[in-house]
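Reviewing the structure listed below.
Computed from the coordinates by the stated procedures, all read-outs in this text should not be read as laboratory data. The structure displayed is predicted, hence computed values, not measured ones. Cβ coordinates were reconstructed from backbone atoms using ideal geometry, including for glycine residues, and neighbour counts include every protein chain displayed.
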Amino acid sequence: MSAIKDQLSHLQALEAESIDIIREVASSFQRPVMMYSIGKDSSVMLHLARKAFAPGKIPFPLLHIDTTWKFREMIAFRDRTAEELGLDLVVHSNQEGIDQGMSPFVHGSRVYTDVMKTQALKQALTAGRYDCAIGGARRDEEKSRSKERVFSFRDRNHRWDPKNQRPELWNLWNTRIGPGESVRAFPISNWTELDVWSYIHLEKIPVVPLYLSAPRPVVERDGVLIMVDDDRIPMEPGEQPEMRSVRFRTLGCYPLTGAVESEAATLADVIAEMLIARTSERQGRVIDHDGDGSMEDKKKEGYF
Amino acid sequence: MDPRFDASTDTIDEYLARHEGKQLLRFLTCGSVDDGKSTLIGRLLHDTKGIYEDQLAAVEGDSRKYGTQGGHADLALLVDGLRSEREQGITIDVAYRYFSTEKRKFIVADTPGHEQYTRNMATGASTCDLAVLLVDARHGVSVQTRRHCVITSLLGIPKIIVAINKMDLVDWSRETYESIKADFEAFASDLPSREQHFVPMSALEGDLVVESSPRAPWYEGPSFLELIESIEIGAAAQETAFRMPVNLVIRPDLDYRGFGGRIESGVVRPGDRVKIMPAGTESKVSRISTFDGDLDIAGAPRSVSIVLEDEIDASRGDVIVSADQPCIVSDRITADLVWMHEDRLTPGREFILRHGTRVTPCRVRRIVERLDVDTLERSPVDGLELNEIGRVEIETDFPLAFDPYEEIRGTGSLILVDRIGNWTMAAGMVRGRTEDNRWTATPVSGEDRDGQPDPVSPAERESRYGQRPATVLLTGLAGSGKTSLAALLERALFDLGRVAIRLDGTTMRRGLNRDLGFSAEDRSENLRRSMETAKLVNDEGLICIAAFVAPVASTRRKAAELVGEDRFLEVHCAAPLEHCRSKDATGLYAEAATKGLENIPGVDFEYEPPDAPDLLLPTHELEPEESVNRILDLLRTRGILR
């Protein structure tokens, strides 16, 4: 019977794999960038990147696509984090969309997301001439992601073709691309939502306070609780924001992110609630419910 | 997809502590299209309470649209991902699933059973510790069962569970189960042995998936879930020799230089002696550093940064290995390939090869044979088609530091990438250094050449020359003094009235071997021709003094066999690299440093010192005359000089 000499827990095994992938990106690409969405997955990725290059600094910039409709607390957290860790943070917004007054309330989630997220991301990637963008997608998030590669190939138009993805064997990543082509790398592909939260808990990684419950002003629309984060949200006749104890399972644009009612004010409480919960985290995202296979279509168009 | 937390019996901190300490098991599911893989995974997710209500509702909706299970929620739909697949009702790619129990976390690579998708199975298998092979109890061991079993064996998955599914459709017949088990065992006995388990089940109805079932009172073994929760994992990878490919060099300031990488095999501790391959440079581990502080021990598959005691040059692509158990270095390797592309593989084609973190151009020189995965027969072919598996010989521009795949997967695997389209064309399992079979084509020697009796007998020659014939191989690094020692030795023998001739690498390359370069293959051939010459010289009763680097131990063994063990003397000129480099009589090392010359023994690839030479000469410490005297003493002791 052989004996384990250095027993790794599954979180340590996942961490080791992620660090290896992040290092691979830094070694193999000319102009890599790490997508930074300010959410919990981004916080974990940032932490892993710090580990990958310690005692050195992260050798690539972080890119945030600011739709201008993010929660204010997210932006504050982003700027504080960049300051404290001395990060090279690049923020991009689609100026054309801003000029057109693009709003999820006016244009609907589909058009708004395409212009302010998908198009904005493509603009930023093209402008930065980034050949690899590191993203925080996980395979357990949604069915179409379960077959996503760790190094996912994108053509010159940043498009993903599910039928044209390279086989990935062992950890022998094929990072070769032609001119203008790019790769999206997903170092936390094999993590589940609970892994992410457990790791945040174990490693004491700071996250945006919106994940924890607090009294917040919300309105209820089509059964979804929307937080009134600023005065750009048009009130229906007779509608009044009310203070409720809520938190968020995912963070994005406030008009498109549903809150859940909760009393969980600490990380441990949030995890406990999640473990009892009977709905998956993406349910809070309005984007997945546009139609069967809608995430798949968005990915083909270049959404992360 | 994790077990529920029950607030009435558990505190969250206890729960998290348990979750955080779980081990990870990666397994592959395979089997024919209708053997029930997706149903099994769906069942595991469902029964371990890993499905959320909204996901189950979505599946119930989908079941009405695409389902094949009548009124039941078709659990297979939980795992069939992309829309086109859902419509066709089959999975066409590798999908990864996640669930955990109280004991372990699992990553499942779900691979299609469709026969043209060998490549997907190989992909899924490459990262797994365990294969789960489903067999339909109604059909027994099919062609696809065998094929999948062979592929998991070739890909080196160390353990296999044969899940005999749909037992409900054969009325839980014990005879059926036993006969399928016996068929499988008979077939698998032709493959390398590995840990093998069998379990009967009905994934659709949930019997013996998670818990034992009253329908199979005759089966006393564990349920499927109990099996995968108890199978031993992780230890094997830490039992093998230490290997860590360097991914990147971390050098934030002048005081710190760490080699970042993921440990593929074994464990490492501060103070361990290591070698940087392929150069073979030796040093000691000074620190194993991480963001969280230094470690006293680190084992596979940890990602660390290793700091060495000496200022040694290593870069991405090199492999740090245990100094006591170094790996093999060669630019000619033999490998089994799974060919993954529609374009046929033909000999001579060039690729980009990735092995560990090394990326180098390469050429498939020869396709040795194809393996028929159905019959296990090997037959010679001149090409490989999509999804075929075959043995090939590959020549790389840069030497690889590897282990045979069956010993260490991490340093025995490779991929071939198309030079233009960058598609991943093949997965390869390295079997070893390509054996140069020219060495074995030994001509008839001695007294009876070409059927003609020798005009002069060996005894007559011995009596005339006062010597028995022998070949003295002076082996060592460039600059270790071989050539000048050979000259002095010839002079000394001449002065003693003996007859010797001298061969060395440089002069051989001027004429007889002028067609050869400095690749490992050409070095081997250079030595082979020279040893054939030495043999002829010996057959004439003369002593041959041969001065060659001869860096590869196994090649020197072949030289000994060719010349004849009893008349072959291995003399190691053992000046260390630093000495040879500082002396640098021929300017080779300086030229290598400035022009970036490759293939210098001890610099780009390892010089393998003889384990037990007939004579060890520390040529950096001895006067040349003393070295000559020691060789003459050896010749006298061995009865070569009378």
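Percent relative contact order of chain A, based on C-alpha pairs within less than 8 angstrom and at least six residues apart?
Details: 465 pairs, mean separation 61.5, N = 304.
Across chain A, relative contact order equals 20 percent.
Given N residues in region A:96-175, what is Rg(Cα) / (2.2 N^0.38 Å)?
Values: Rg = 15.4 Å, N = 80, 2.2 N^0.38 = 11.6 Å.
The reported ratio for this selection is 1.33.
Calculate the mean, over all residues of peptide A:192-202, of how many other protein chain Cβ atoms lie within 10 angstrom of the residue's Cβ. It would help to have the intermediate numbers written out before the result.
Working: counts 8, 3, 9, 6, 0, 2, 7, 1, 0, 5, 4.
That works out to 4 on average.
Residues of region B:484-499 with amide nitrogen under 15 Å from the 7 Å Cα-to-Cβ point of B:E625?
B:488-489, B:491-493
Taking N as the number of residues in region B:488-642, what value does Rg over Cα atoms divided by 2.2 N^0.38 Å take? If you can, show how the numbers build up before the last one.
Details: Rg = 15.9 Å, N = 155, 2.2 N^0.38 = 15.0 Å.
The value comes to 1.07.
When the distances between all Cα atoms of chain B are binned every 10 Å from zero, what whole-number percent does each bin get?
Calculated over all Cα pairs of chain B, the distribution is 3, 13, 19, 20, 17, 12, 8, 5, 2, 0, 0 percent.
Looking only at other chains, what is the average number of their beta-carbon atoms within 10 angstrom of each beta-carbon in B:257-266? The partial results should precede the final answer.
Values: counts 0, 4, 0, 9, 3, 8, 3, 2, 0, 2.
Shielding by partners across B:257-266 averages 3.
Mind pulling the angle between the C-alpha long axis of helix A:104-113 and the longest principal axis of chain A? Nearest 10 degrees, somewhere in 0 to 90.
That helix lies at roughly 20 degrees to the long axis.
Residue by residue through region A:247-259, what is 3J(HN,Hα) from phi via Karplus (6.51 cos²θ - 1.76 cosθ + 1.60, θ = phi - 60°)? Round to whole Hz and write x for glycine and proline.
My calculation for region A:247-259 gives 9, 10, 8, 9, 10, x, 7, 4, x, 10, 10, x, 8 Hz in order.
Sort B:S173, A:S213, B:S230, B:S519 by Cβ crowding within 10 Å, fewest neighbours at the top. All intermediate terms of the calculation are to be shown ahead of the outcome.
On the way: B:S173 15, A:S213 23, B:S230 11, B:S519 18.
Going from least to most buried by this count: B:S230, B:S173, B:S519, A:S213.
Chain A: percent of C-alpha pairs farther apart than 37 Å?
Numbers: 6181 of 46056 pairs.
When all Cα pairs of chain A are counted, 13 percent exceed 37 Å.
Report the relative contact order of chain B, percent, no decimals, based on alpha-carbon pairs under 8 angstrom and at least 6 residues apart. Please list the in-between numbers first.
Values: 1291 pairs, mean separation 57.3, N = 642.
Across chain B, relative contact order equals 9 percent.
If each of B:D253 and B:S189 carries a label point 7 Å out from its Cα toward its Cβ, how far apart are those two points in nm?
6.7 nm
If amide H atoms are built 1.01 Å from N in the plane of the peptide, which residues on other chains or at least 5 residues away come under 5 Å of the amide H of B:V274?
For B:V274, whose amide H was placed from the backbone, the distant partners under 5 Å are B:S283, B:K284, B:V285, B:A323.
Amide H of A:L225: which non-local residues (sequence gap of 5 or more, or other chain) have their own amide H closer than 5 Å, using H built in the peptide plane?
Result for A:L225 returns A:A259.
Give me the Å³ per residue figure for the convex hull around the C-alpha atoms of region A:54-137. Could you put the intermediate results ahead of the total?
Values: hull volume 9.8 nm³, N = 84.
Expressed per residue, the convex hull around the Cα atoms of region A:54-137 is 116 Å³.
With bins 10 Å wide starting at 0, give me the P(r) of the protein assembly as shown over every alpha carbon pair, in whole percents.
Pairs per bin, as whole percents: 2, 11, 18, 21, 18, 13, 8, 5, 3, 1, 0, 0, 0.
What does the helix-only formula give at 222 nm for chain A: each DSSP H stretch with n ≥ 4 adding -39500 (n - 2.57), the total divided by the residues, and the result rounded to the nearest 500 deg cm²/dmol? Walk me through the numbers on the way to the answer.
Values: 9 runs with 100 residues, N = 304.
Rounded to the nearest 500, it is -10000 deg cm²/dmol.
How big is the antiparallel share of DSSP beta bridges in chain A, given as a percent to the nearest 5?
On the way: 18 of 30 bridges.
Bridges in chain A are about 60 percent antiparallel.
Rounded to the nearest 20 debye, what is the charge dipole size of the protein assembly as shown about its Cα centre when +1 sits on each Lys and Arg Cβ and -1 on each Asp and Glu Cβ?
On the way: 119 positive and 154 negative charges, 410 e Å.
That gives a dipole near 1980 debye.
What Kirkwood Rh does region A:152-232 have if only Cα atoms enter the pairwise 1/r average? Answer in Å.
On the way: mean 1/r = 0.0575 Å⁻¹.
About 17.4 Å, per the Kirkwood formula over Cα pairs.
HN-Hα J couplings of region A:218-225 from phi, Karplus 6.51/-1.76/1.60, θ = phi - 60°, integer Hz, Gly and Pro as x?
9, 10, 9, 9, 6, x, 10, 8
Sequence gap at least 6, Cα distance under 8 Å: using those rules, report the relative contact order of region B:441-637 to the nearest whole percent.
On the way: 275 pairs, mean separation 58.4, N = 197.
Relative contact order, region B:441-637: 30 percent.
Using the scaling law 2.2 N^0.38 Å as the reference, what is the normalised Cα Rg of region B:376-419?
Values: Rg = 12.8 Å, N = 44, 2.2 N^0.38 = 9.3 Å.
This ratio for region B:376-419 stands at 1.39.
Restricting to bridges with both residues inside chain B, how much of the DSSP beta-bridge set is antiparallel, in percent to the nearest 5?
65 percent
If we count trypsin sites (Lys or Arg not before Pro) as exposed when they sit in a DSSP loop and have at most 14 other beta carbons within 10 Å, what is the longest stretch of chain A that avoids them all? Don't skip to the answer; put the middle values down first.
Values: sites that count: A:K57, A:R129, A:R156, A:R159, A:K163, A:K204, A:R232, A:R278.
Segment A:58-128 is the longest.
Please list, ordered by chain and number, the residues whose modelled amide H lies under 5 Å from the amide H of A:E142; skip anything fewer than 5 residues away on the same chain.
none
Which whole number gives the average, over all residues in B:354-366, of C-beta atoms from other chains lying within 10 Å of the residue C-beta? Walk me through the intermediate numbers first.
Values: counts 7, 1, 3, 8, 0, 5, 0, 0, 0, 0, 0, 0, 0.
Taking all residues of B:354-366 together, the mean is 2.
With a sphere of radius 13 Å drawn around the Cβ of B:V571, what net charge do the other residues whose Cβ falls strictly inside it have (Lys, Arg +1; Asp, Glu -1)? Show your work: numbers first, answer last.
On the way: positive: B:K482, B:R556, B:R630, B:R638; negative: B:E570, B:D614, B:D633.
Around B:V571, the charge tally is +1.
Which of B:Y98, A:Y36 comes first, and how do the rest follow, when ranked by fewest Cβ neighbours within 10 Å?
Numbers: B:Y98 22, A:Y36 26.
Ascending number of Cβ neighbours within 10 Å: B:Y98, A:Y36.
Residue by residue through region B:124-137, which ³J(HN,Hα) values in whole Hz follow from phi under the Karplus form 6.51 cos²θ - 1.76 cosθ + 1.60 (θ = phi - 60°), with glycine and proline marked x?
x, 5, 4, 10, 9, 9, 8, 10, 10, 10, 8, 10, 7, 4
Just the number, please: Stokes-Einstein D of region B:328-434 in µm²/s, Kirkwood Rh from C-alpha pairs, 10 °C, 1.306 mPa s. Intermediate results must be reported in sequence, preceding the final value.
Values: Rh = 13.5 Å.
Approximately 118 µm²/s, per Stokes-Einstein.
Any idea what angle helix B:53-66 forms with the longest principal axis of chain B, computed on alpha-carbon atoms, 0 to 90 degrees, nearest 10?
90 degrees
Sorting A:V218, B:V499 on the 10 Å Cβ count, fewest up front, what's the list?
Working: A:V218 21, B:V499 18.
Placing the least packed residue first, the sequence is B:V499, A:V218.
For region B:226-302, run through the GluC sites (Glu not before Pro) and keep only the ones in DSSP coil with at most 16 other Cβ atoms within 10 Å of their Cβ. Mind showing how you got there, number by number?
On the way: sites: B:E226, B:E229, B:E232, B:E239, B:E264, B:E282; in loops: B:E232, B:E264.
Answer by residue number: B:E232.
Using just the alpha carbons, could you tell me how many Å³ per residue the convex hull of region B:241-322 encloses? Mind dumping the intermediate values first?
Numbers: hull volume 6.5 nm³, N = 82.
So the per-residue Cα hull volume is 79 Å³.
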